[in-house]
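What follows is a set of notes on a single structure, which appears directly below.
The values are calculated or read from the model by the stated rules, or taken from the named source; none is laboratory data. Note that this is a predicted model, so its numbers are computed, not measured. Cβ: placed from backbone, ideal geometry, glycine included. Neighbour counts: every protein chain shown.
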Number of protein chains: 2
Amino acid sequence: MNTQNKIIFTRGVPATESFPKEEMGEATQKAIRAHGDTILQYGSAFGFMPLREWLAEWHGADTENVLCSNGSLQIIEFICTILLQSDSRTVFVEAPTYDRTITILRKHGAEIVSIPLNSDGPDITAIQDALETYNPSFFYTIPDFQNPAGATCSEAKRRQLVALAREHDFLLLEDSPYRELRYRGETQPTLREFAPERVVQLSSFSKLIGPGPRLGYAIGPKNLLREIATVAENTYITPGLLAHGSVYEFCRAGHLEPQIDRLKKLYAPRLQATLDALDKYLPETKPTRPDGGFFLSLTLPKGVSIIDVMDRAAEVELILADGRGFFANGGGEHFLRIPFCALTKHQISEGVARLAEVVQN
Amino acid sequence: MNTQNKIIFTRGVPATESFPKEEMGEATQKAIRAHGDTILQYGSAFGFMPLREWLAEWHGADTENVLCSNGSLQIIEFICTILLQSDSRTVFVEAPTYDRTITILRKHGAEIVSIPLNSDGPDITAIQDALETYNPSFFYTIPDFQNPAGATCSEAKRRQLVALAREHDFLLLEDSPYRELRYRGETQPTLREFAPERVVQLSSFSKLIGPGPRLGYAIGPKNLLREIATVAENTYITPGLLAHGSVYEFCRAGHLEPQIDRLKKLYAPRLQATLDALDKYLPETKPTRPDGGFFLSLTLPKGVSIIDVMDRAAEVELILADGRGFFANGGGEHFLRIPFCALTKHQISEGVARLAEVVQN
């Protein structure tokens with residue numbers, strides 16, 4: 001085994017070779033030329049108006065229902081600032097879920113209730129049970145190509161989620177950064193489409209253009225967005241308008257659709273390579289078989305803990321993430337997330353081979 | 001009196017005509033070409049390394065003592081998150097002080113103690129008195145061309161401040177966004193130069209290039225910066241690297257110094273026009289006579305309150321800021337801040353004439 005090359009199975013980042021540098025270079029210059037007086041100045045905490053208009057059109061929403069920030073994680077922070085200071089500090093999350101959201105929820109003193117995630121979305125019965133005890137402020141869910149599991153919520157479950165949110169009067173926070181990266185199968189409707197009045201859909205350009213500009217956005221009820229804009233203004237006055245203007249010009253020039261096509265062509269074979277390698281070396285771990293996104297996940301065999309595997313993997317230059325970090329209320333001792341986008345097919349195959357050797361010995 | 005044109009004396013923003021659009025357009029494109037793989041990707045919460053190195057060199061600091069964020073206001077938020085969860089929630093501020101900082105301090109539950117600001121800096125005796133009662137976590141001060149007063153702290157007072165901070169073990173948070181915009185007189189040393197181990201100096205490019213890219217930075221003790229980087233990472237993962245790279249290339253190309261010279265040539269006559277108009281129309285208000293920056297301030301005559309003046313000014317299309325917003329512990333009923341940078345000499349003269357009419361009638 002070649003242990004000279006470190007293989008990193010921890011980073012959910014886009015492939016460097018995916019960045020549309022030429023088009024972004026042109027777009028930034030065009031943005032400053034056309035909108036310099038606006039994007040070099042202070043402005044609205046809702047973000048750059050032409051970008052909001054473009055996003056509204058793209059997502060079938062009204063402009064007043066779109067707010068652009070510096071990445072979408074910070075919007076989660078703003079929402080916590082607003083919603084978790086009132087009566088209910090309870091938040092439902094999937095188990096597993098995005099670890100950075102758990103960190104933010106904890107910082108805001110949330111009482112986190114974990115809902116088990118199945119291959120077709122969160123366990124609806126578990127939500128119903130939890131609703132007998134708890135009165136959540138919101139349910140944080142990643143319906144498409146979930147981070148870290150790779151699961152996608154079925155349409156039936158989306159409808160059930162929305163019905164429960166209406167019946168029990170809680171907000172759905174729909175995080176959908178991977179949604180456009182579907183490699184096979186049919187697009188599901190967003191939760192927002194079913195219930196625009198009680199869903200805040202978050203997304204970003206981090207996985208489509210690149211994370212560096214930091215451009216996340218929320219589509220949601222305008223009253224809540226107004227509250228978010230106030231918190232945002234009190235935090236950073238104005239979001240990064242240079243990035244907003246640049247991404248706007250990139251999109252307006254028609255670069256986004258071909259860029260998404262390129263990403264699918266780049267990432268789909270990497271997902272397939274990961275599944276092929278797992279089927280070959282570690283079939284007993286029954287990995288999730290996502291239809292898109294950045295991640296798949298697997299369950300280590302009984303008696304094999306992620307902590308042992310992490311330590312021994314590090315010895316053969318394979319870097320793994322601690323599965324426990326994705327579970328807010330315990331668990332994850334046998335959970336492994338594998339991000340596949342920023343690795344070549346060779347690295348994936350070599351990494352899974354190393355993983356198998358560590359797991360099986 | 002011409003009431004057709006609204007004159008806005010509320011906005012502390014740079015003049016639109018000051019933006020170096022041509023140079024920034026080139027710089028962004030160069031940045032993406034040279035550093036695209038880095039500035040379109042996730043990266044360190046300390047910001048773009050070459051920019052940190054450039055700033056360290058410019059400010060005579062080590063790179064590890066420089067952290068770049070999305071505007072400097074958010075760094076104040078991070079510092080509050082870190083420092084105000086421990087024993088002491090007391091923070092000293094100048095009276096008057098920057099209103100957005102007051103908002104952040106209140107959000108973090110700070111016990112704010114106001115120190116009267118004189119024309120040569122904060123009242124040292126008042127600090128000494130307050131230190132007999134309070135044990136502050138930090139003192140937030142704007143030593144150069146203070147917002148909103150326009151005062152600059154004398155060297156003697158800077159030395160006294162540092163001595164008090166050392167003796168009573170508190171941090172100095174030195175906010176210096178206007179520092180480079182000195183129109184006359186001699187540059188004073190920074191507080192950080194006197195006590196790098198207990199000063200965090202904040203600055204930004206908002207007043208030098210433009211606020212839209214959102215590029216603020218901190219120079220301070222590396223242990224505290226590491227804590228700030230952790231909070232920053234948990235908030236937005238990575239700051240806006242597209243902006244960091246673009247501003248870096250702008251600076252590296254040698255554009256900053258000539259840009260600052262242009263700003264001084266643009267703004268100094270506007271400051272003079274404001275003073276001339278006040279001397280002509282409202283000599284009794286004894287305006288501050290700043291040596292640089294964005295603001296001067298004045299005290300309305302006895303019996304004339306800012307609230308009355310604001311209301312009556314609005315009737316003649318003159319928009320004024322409520323002075324009380326700059327005082328954390330009450331006061332400001334007779335305080336008026338006048339930002340002069342984003343107004344033409346004609347607008348300034350006309351605005352002060354309208355102000356005089358309102359004040360004197």
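Just so you know, in the range A:212-235 the residues that are crowded, with 24+ Cβ neighbours inside 10 Å and at the interface with chain B (Cβ under 7 Å from one of its Cβ atoms) include one that is nearest to residue B:76 (Cα to Cα), and it is A:235. For the range A:14-30, residues that are within 8 Å of chain B (Cβ to nearest Cβ) and without any contact (Cβ under 8 Å) to a residue 24 or more places away in the chain total 3.
The one condition from (1) away from chain B (no Cβ under 14 Å); (2) surrounded by 17 or more Cβ atoms within 10 Å (Cβ to Cβ); (3) closer than 30 Å to residue B:230 by Cα that residue A:76 does not meet is (1). Checked against the criterion of being in contact with a Gly (Cβ under 9 Å, 6 or more places away or on another chain) and at the interface with chain B (Cβ under 9 Å from one of its Cβ atoms), the candidates A:33, A:89, A:11 yield just one match: A:33.
Tell me, which residue of the range A:161-200 that is within 11 Å of the chain's Cα centre (by Cα) and in a strand (DSSP E or B) is farthest from the other protein chains (Cβ to nearest Cβ)? If you could, list the steps in order and put the result at the bottom.
From the range A:161-200, those within 11 Å of the chain's Cα centre (by Cα) are A:174-179; that's our starting set.
Applying the additional criterion that residues be in a strand (DSSP E or B) yields A:174-175.
Numbers: A:174: 20, A:175: 14 Å.
If we take residues in the range A:161-200 being within 11 Å of the chain's Cα centre (by Cα) and in a strand (DSSP E or B), then A:174 is farthest from the other protein chains (Cβ to nearest Cβ).
Just checking, does the range A:69-78 include any residue being over 26 Å from the mean Cα position of the chain (by Cα) and small (Gly, Ala, Ser)? No, the range A:69-78 contains no residue that is over 26 Å from the mean Cα position of the chain (by Cα) and small (Gly, Ala, Ser). Considering only residues of the range A:236-254 that are under 22 Å from the mean Cα position of the chain (by Cα) and either surrounded by fewer than 24 Cβ atoms within 10 Å (Cβ to Cβ) or not in a helix (DSSP H, G or I) (or both), which is nearest to the other protein chains (Cβ to nearest Cβ)? By that ranking, first place goes to A:240. The single condition among (1) surrounded by 24 or more Cβ atoms within 10 Å (Cβ to Cβ); (2) farther than 26 Å from residue B:205 by Cα that residue B:172 does not meet is (2).
Kindly indicate whether any position in the range A:57-65 is of a type outside the set (Phe, Trp, Tyr), buried (at least 20 other Cβ atoms within 10 Å of the Cβ) and either within 17 Å of residue A:254 (Cα to Cα) or within 12 Å of chain B (Cβ to nearest Cβ) (or both). Spell out how you get there, then give the answer.
Residues of the range A:57-65 that are of a type outside the set (Phe, Trp, Tyr), as a first pass: A:57, A:59-65.
Narrowing the set further to residues that are buried (at least 20 other Cβ atoms within 10 Å of the Cβ) leaves A:65.
In the following step, the residues that additionally are either within 17 Å of residue A:254 (Cα to Cα) or within 12 Å of chain B (Cβ to nearest Cβ) (or both) were identified as none.
Within the range A:57-65 (the criterion being of a type outside the set (Phe, Trp, Tyr), buried (at least 20 other Cβ atoms within 10 Å of the Cβ) and either within 17 Å of residue A:254 (Cα to Cα) or within 12 Å of chain B (Cβ to nearest Cβ) (or both)), the answer is no, since none of the residues qualifies.
Are any residues in the range A:319-329 in contact (Cβ under 8 Å) with a residue 24 or more places away in the chain and over 23 Å from residue A:279 (Cβ atoms), and if so, which ones?
So in the range A:319-329, the residues in contact (Cβ under 8 Å) with a residue 24 or more places away in the chain come out as A:319-321, A:323, A:325-329.
Those that are in contact (Cβ under 8 Å) with a residue 24 or more places away in the chain and over 23 Å from residue A:279 (Cβ atoms): A:325, A:326, A:327, A:328, A:329.
Considering A:258, A:301, which residue is out of contact with any Leu (no Cβ under 8 Å at 6 or more places or on another chain), more than 20 Å from residue A:341 (Cβ to Cβ) and either away from every other protein chain (no Cβ under 14 Å) or in contact (Cβ under 8 Å) with a residue 60 or more places away in the chain (or both)?
Numbers: A:258 fails: more than 20 Å from residue A:341 (Cβ to Cβ).
Only one candidate qualifies: A:301.
Here is a yes/no grid of residues against (1) crowded, with 21+ Cβ neighbours inside 10 Å; (2) without any contact (Cβ under 8 Å) to a residue 24 or more places away in the chain:
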| site | (1), (2) |
| --- | --- |
| A:264 | no, no |
| A:277 | yes, no |
| A:294 | yes, no |
| A:311 | no, yes |
| A:317 | no, no |
| A:342 | no, no |
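If you go through the range B:306-361 one residue at a time, how many are at pLDDT 95 or above, not in a helix (DSSP H, G or I) and not aromatic (Phe, Trp, Tyr)? Summing the residues that are at pLDDT 95 or above, not in a helix (DSSP H, G or I) and not aromatic (Phe, Trp, Tyr) in the range B:306-361 gives 22. Inspection of the range B:214-222 identifies no residue that is in contact (Cβ under 8 Å) with a residue 24 or more places away in the chain, hydroxyl-bearing (Ser, Thr, Tyr) and part of a loop (DSSP other than H, G, I, E, B).
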